[in-house]
1. Conditions first: (1) closer than 20 Å to residue 290 by Cβ; (2) charged (D, E, K, R); (3) surrounded by fewer than 20 Cβ atoms within 10 Å (Cβ to Cβ); (4) more than 14 Å from the ligand (Cβ to nearest atom). Residue 53 passes all but one, so which condition is the exception?
2. Of the numbered conditions (1) surrounded by fewer than 17 Cβ atoms within 10 Å (Cβ to Cβ); (2) away from the ligand (no atom under 16 Å from the Cβ), residue 315 satisfies every one except a single condition; which is it?
3. Could you identify the single residue in 290, 284, 304, 325 that is in a strand (DSSP E or B), modelled with pLDDT of 95 or more and closer than 20 Å to residue 14 by Cα?
4. Suppose the filter is loosely packed, with under 15 Cβ neighbours inside 10 Å, over 17 Å from the mean Cα position of the chain (by Cα), at negative phi and not hydrophobic (A, V, I, L, M, F, W, C); does residue 96 pass it?
5. Filter the range 184-210 for residues that are surrounded by fewer than 22 Cβ atoms within 10 Å (Cβ to Cβ) and of a type in the set (Ser, Thr, Tyr) and give the result.
6. For residues that are in a helix (DSSP H, G or I) and either of a type in the set (Lys, Arg) or surrounded by fewer than 19 Cβ atoms within 10 Å (Cβ to Cβ) (or both), tally how many sit in the range 240-255.
7. Out of 46, 78, report the one residue that is on the phi > 0 side of the Ramachandran plot and more than 16 Å from the ligand (Cβ to nearest atom).
Amino acid sequence: MRVAINGAGIAGTALAYWLSKMGHEVLLVERAPELRTGGYILNLWGVGYEAVEKMGLLPKLLELQYETDELRMVDSRGRTRGGYPSQVLQSLANGRIATLARTDIATAIYGLLDNRVETIFGDSIVTIDDDGAHAHVGFEHAPQREVDLVVGADGLHSKIRQITFGPDRQFEYPMGCHVASFEVSGYRPRDDNLYVAHTAPGRYVARFPVRDDKTLFFMLLRNEYLPGTLITGESERKAALTTAFSDMGWECPAILSALEKTDGIYFDSISQVRMDGWTKSRVALVGDAAACPSLIAGEGAGLALAEAYVLAGEIHAHGADLDSALKHYQRRIAPYATRKQRYAQSLVPSFVPKTGLGVRARDLATLLMRLPVFPKLLMGRYFRDAMRMPEYGMYSPEARTPPNSPFKPSPLRGSI
Ligand SMILES: Cc1cc2nc3c(=O)[nH]c(=O)nc-3n(C[C@H](O)[C@H](O)[C@H](O)COP(=O)(O)OP(=O)(O)OC[C@H]3O[C@@H](n4cnc5c(N)ncnc54)[C@H](O)[C@@H]3O)c2cc1C
């Protein structure tokens with residue numbers, strides 16, 4: 001098959017990996033001028049951990065993972081008010097969990113493609129003319145192409161979803177908060193292996209030290225702390241964050257001054273995407289585009305990896321019957337994604353409590369995590385993955401390059 005994937009994030013690159021490995025011709029289209037880096041650290045466990053294991057990427061990611069000793073909650077004067085050793089999370093995930101920078105995951109997966117996949121940067125699919133037998137895709141810049149399947153892996157605000165299924169407002173469920181993350185060099189204090197967070201009513205800020213003397217910052221805020229006007233450019237983002245976090249104490253003055261000097265802030269609404277159908281004729285959605293669980297679920301990247309694996313696997317299992325493959329793809333994984341979304345909704349109040357009392361109660365609850373039994377009671381559900389990843393036996397000894405292919409994939413290497 002000829003497959004055009006819009007979006008070279010986690011889902012898009014993972015799907016490109018699997019499909020190209022099976023010998024399909026893959027075209028990856030990314031709006032950004034190069035592979036997007038940035039974003040915060042995340043924990044990969046459950047289906048996401050299994051998915052990278054199946055890709056053969058686990059050893060590399062384990063090399064890139066960050067050791068964390070403790071997650072510490074501090075008050076406005078920097079005094080410890082809550083938190084627990086990271087070992088607790090390791091135990092809950094039976095040791096199968098890795099703390100990784102989003103950038104490292106995206107870069108590692110893209111590295112696996114190794115010229116097997118044609119990638120167009122700085123462009124986007126903007127039209128799809130799907131006649132049932134083929135799809136003719138139009139780009140912002142590149143000339144039109146004919147493909148057999150178009151995949152929207154273009155994130156929360158997916159263009160492919162808009163073109164094929166309808167406007168964002170039909171499917172996006174904002175959870176009342178925004179997220180910002182950015183990276184700063186040489187920030188002090190550094191506190192190796194320590195995740196430190198400070199919460200005030202409606203706002204949360206955390207820092208984590210990463211390689212090359214850099215520190216990642218992560219901010220969450222309820223929408224009532226944002227200005228009522230539309231925030232579009234980077235300077236407006238900085239101004240909005242500065243206003244919202246300036247009275248929070250702790251290291252906020254230093255963090256905001258570092259923010260001022262930084263380029264490339266990740267800033268977005270915390271939303272879920274809920275849809276009845278992820279596929280239509282020759283179009284499919286994957287990752288956040290299909291079923292964003294929101295960062296509150298802590299598993300957006302993991303789900304995206306699992307969905308990419310299952311979509312590729314079902315295509316492999318059903319051969320030429322694309323219709324059945326797409327139906328099975330959604331049937332297999334959508335109930336699992338929906339459960340994750342429901343659970344994430346229930347967690348918003350504890351991530352960003354509205355009141356000072358709520359903050360204190362949440363911090364106290366994190367201290368209970370140090371005692372036996374409580375980790376399972378409080379966070380057991382978060383780590384429970386009620387889905388077994390199917391085995392598809394996806395392996396192709398060599399790529400098949402049709403004689404007149406415009407995609408020119410290079411030969412496959414390695415096996416699973
Ligand atoms: C730079 C960046 C930083 C992030 N940081 C965080 C974070 O700190 N915390 C967090 O919880 N989540 C973050 N996310 C989101 C997180 O990566 C996803 O929720 C999760 O990994 C699911 O991945 P995805 O591939 O579905 O979507 P994403 O990782 O969002 O990838 C979507 C890709 O599609 C591209 N794209 C978007 N629109 C178009 C278009 N019209 N045409 C072509 N390409 C398009 C984007 O540039 C991006 O590369 C970040 C995403 C990005 C891109």
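1. Tallying (1) closer than 20 Å to residue 290 by Cβ; (2) charged (D, E, K, R); (3) surrounded by fewer than 20 Cβ atoms within 10 Å (Cβ to Cβ); (4) more than 14 Å from the ligand (Cβ to nearest atom), residue 53 fails exactly one: (1).
2. Among (1) surrounded by fewer than 17 Cβ atoms within 10 Å (Cβ to Cβ); (2) away from the ligand (no atom under 16 Å from the Cβ), residue 315 violates only (1).
3. 284
4. no
5. 185, 187, listed by residue number.
6. Of the residues in the range 240-255, 4 are in a helix (DSSP H, G or I) and either of a type in the set (Lys, Arg) or surrounded by fewer than 19 Cβ atoms within 10 Å (Cβ to Cβ) (or both).
7. 78
Per-residue answers, yes or no, for (1) surrounded by 19 or more Cβ atoms within 10 Å (Cβ to Cβ); (2) among the acidic types (Asp, Glu); (3) within 15 Å of the ligand (Cβ to nearest atom):
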site: 116; (1), (2), (3): yes, no, no
site: 123; (1), (2), (3): no, yes, yes
site: 155; (1), (2), (3): yes, no, yes
site: 159; (1), (2), (3): yes, no, yes
site: 174; (1), (2), (3): no, no, yes
site: 177; (1), (2), (3): yes, no, yes
site: 182; (1), (2), (3): yes, no, yes
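The values are calculated or read from the model by the stated rules, or taken from the named source; none is laboratory data. Here the structure is a predicted model, which means the values were calculated and not measured. Every residue, glycine as well, gets a Cβ built from its backbone with ideal geometry; the counts of neighbours run over all protein chains shown.
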